[in-house]
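Engineer: Starting off with a structure, shown below.
Read-outs: derived from the displayed coordinates by stated rules, not from any lab. No experiment lies behind these values; they were computed from the predicted model shown. Positions of Cβ are generated from backbone atoms using ideal geometry, with glycine treated the same way; all protein chains shown enter the neighbour counts.
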Amino acid sequence: MRIFLTIYVFAIIAAVSILGFRGSISTKPPLEVFPDMDRQARYKPQAENEFFADGRNDRSVPAGTVARGNYFNQVEVFSEDFEDTRLGDTAFNQGKNADGSLVKKIPVEVSYELIQQGKEKYDIFCSACHGAAGDGNGVTKPYGVLAASYHDARLRSVEDGHIFDVITNGKGLMLPFNDRISPEERWAIVLYVRALQLSQNANVEELTSVQRTELGF
Ligand code: HEC
């Protein structure tokens, strides 16, 4: 009986001390058994900072800074003998010629590997809206995303630079991808989009005689 009473009283004290003070307000700092990383001395992005004359935390790059590569290839960029051969190459980086007009043809060497790379990236970044065949029938269609079909006559005749520009900067309701797809990968995707277009609209005249016989033309 005595043991029972001891446990009973102890249980009541424990219940009241754990549950009884819930919701009560205290001005004292809470007891932190494991503070982990709750409090850190740090600067938050876009916050104010009295230390700098303009009062901003975020610092702009010093005047005259020249971009060194990009963050897609960090290992190379920070290696001693890195040389960005494409720096200032507007055709490669923006899909535009120096006069601002769109480049007509893909400015990188076209290969089967590049198409395969393009397919991989297309499946990751584009197919959800544009569909695996590029006809605009992606899984997001039932939710109201009306992505363009690449098999429109207009999109078949646009410059390669236009598709690159749409991937880079977005268009209308489509989001830009310049922050997550490198220029090289964007050209690979452009190439794959061209391959998708050909898959639905190829000219028999462009096939070799062997290919024509194989296909029964
Ligand atoms: C979140 C959905 C979504 C994703 C992902 C997406 N697109 Fe689009 N895309 C759209 C929509 C919507 C349009 C129609 C834009 C408009 O005209 O308002 C469009 C239009 C286009 C066009 C036609 C532009 C024109 O001139 O009319 C191209 C080319 C294109 N997208 C390529 C791509 C490629 C390549 C990718 C992958 C890197 C991609 N899109 C990823 C939704 C998407």
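Engineer: Across the Cα atoms of region 110-151, what radius of gyration and what greatest pairwise Cα-Cα distance (Dmax) are found, in Å?
Structural biologist: According to the Cα coordinates of region 110-151, Rg and Dmax are 11.3, 36 Å.
Engineer: Summing -39500 (n - 2.57) over the DSSP H runs of n ≥ 4 in the chain and dividing by its residue number, what mean residue ellipticity at 222 nm do you reach, to the nearest 500 deg cm²/dmol?
Structural biologist: -11500 deg cm²/dmol, from helical runs alone.
Engineer: Additional query: Roughly how many Å is it from the Cα centre of region 168-217 to that of region 93-163, as a whole number?
Structural biologist: 7
Engineer: OK, next. For the chain, what is Rg from Cα atoms divided by 2.2 N^0.38 Å, rounded to two decimals?
Structural biologist: Expressed relative to 2.2 N^0.38 Å, the Cα Rg reads 1.76.
Engineer: Would you be so kind as to identify which of Gly131, Phe164, Ile181 lies farthest towards the positive end of the dipole of region 89-205, taking Lys and Arg as +1 and Asp and Glu as -1 on Cβ and the Cα centre as origin?
Structural biologist: Gly131
Engineer: Take the eigenvalues of the Cα gyration tensor for region 89-205, scale each by 5, and report the square roots as semi-axes in whole Å, largest first.
Structural biologist: Ellipsoid semi-axes (Å, largest first): 21, 17, 14.
Engineer: Please turn the phi angles of region 34-46 into ³J(HN,Hα) values with the Karplus equation 6.51 cos²θ - 1.76 cosθ + 1.60 (θ = phi - 60°), one per residue in order, whole Hz, x for glycine and proline.
Structural biologist: So the J values, rounded to whole Hz, are 10, x, 6, 10, 4, 10, 9, 7, 8, 9, 8, x, 6.
Engineer: Turning to a different aspect of this structure: Can you give me the angle between helix 112-125 and the longest principal axis of the chain, using Cα atoms only, in degrees from 0 to 90, rounded to the nearest 10?
Structural biologist: With rounding to tens, the tilt is 40 degrees.
Engineer: Something else: Where does helix 2-19 land angle-wise versus the long Cα axis of the chain, in degrees 0 to 90, nearest 10?
Structural biologist: In the chain, helix 2-19 runs at an angle near 50 degrees to the longest axis.
Engineer: While we're here: Between helix 160-169 and the chain, what is the angle of the helix's C-alpha long axis to the longest principal axis, kept within 0 to 90° and rounded to the nearest 10?
Structural biologist: 10
Engineer: Shifting gears a bit: Please state the charge dipole magnitude for region 89-205, taken about the Cα centre, from unit charges on C-beta atoms (+1 on K and R, -1 on D and E), reported in debye and rounded to the nearest 20. Could you put the intermediate results ahead of the total?
Structural biologist: Details: 12 positive and 15 negative charges, 69 e Å.
The calculated dipole for region 89-205 is roughly 340 debye.
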